[in-house]
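Since every read-out is calculated from the coordinates, none of them should be taken as a lab result. Keep in mind it's a predicted model, so treat the numbers as computed, not measured. Here Cβ is always computed from backbone atoms with ideal geometry, including for glycine, and neighbour counts include all displayed protein chains.
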Amino acid sequence: MPKYQFSVSAVPHYLAEQSAPEANHYVFAYTVTIRNTGEIAAQLLSRHWIITDGEGRVQEVRGPGVVGEQPVLQPGEAFQYTSGCPLATPVGSMRGSYRCVAADGTEFEAPIPEFVLSVPRSLH
């Protein structure tokens, strides 16, 4: 088992009630689960998202923590949060990484695997 490791998974949802397709405004929520799968306690310090819309436009978002928190996770513990993302197209994707620091001071990156944002029935 790696000493420093967070595993990350995300489940996206389309928010039809907050979207306005006629104005090219599509809103998605995503629920992220971050689990400390390493051997040592660690804290999530910051996030880096790469958001790509259906026309290939890329937006990068960096900032401290997630939803205003910088959770400390013991080995085996998980932290879950839900956030949102507006897009100008009905399909897009998100990926990125979290910067973390272990209890012994070692910094490491936790990759966020790419996931697809899509309006139901927009993929053929």
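Annotations
- With the gyration tensor restricted to C-alpha atoms of region 1-68, the semi-axes of the equivalent ellipsoid amount to 31, 13, 11 Å, longest first.
- Highest mean first, the peptides 10-23, 82-95 sorted by other C-beta atoms within 10 Å per residue fall in the order 82-95, 10-23.
- The distance between label points at Val61 and Arg121 comes to 2.8 nm (points 7 Å beyond Cα on the Cα→Cβ vector).
- DSSP-assigned coil residues among trypsin sites (Lys or Arg not before Pro) in region 1-89, each with at most 14 further Cβ atoms within 10 Å: Lys3, Arg57
- For the chain, the Kirkwood hydrodynamic radius comes to 15.2 Å, computed from all pairs of different C-alpha atoms.
- Distance between region 1-51 and region 59-76 - C-alpha centres, whole angstrom: 10
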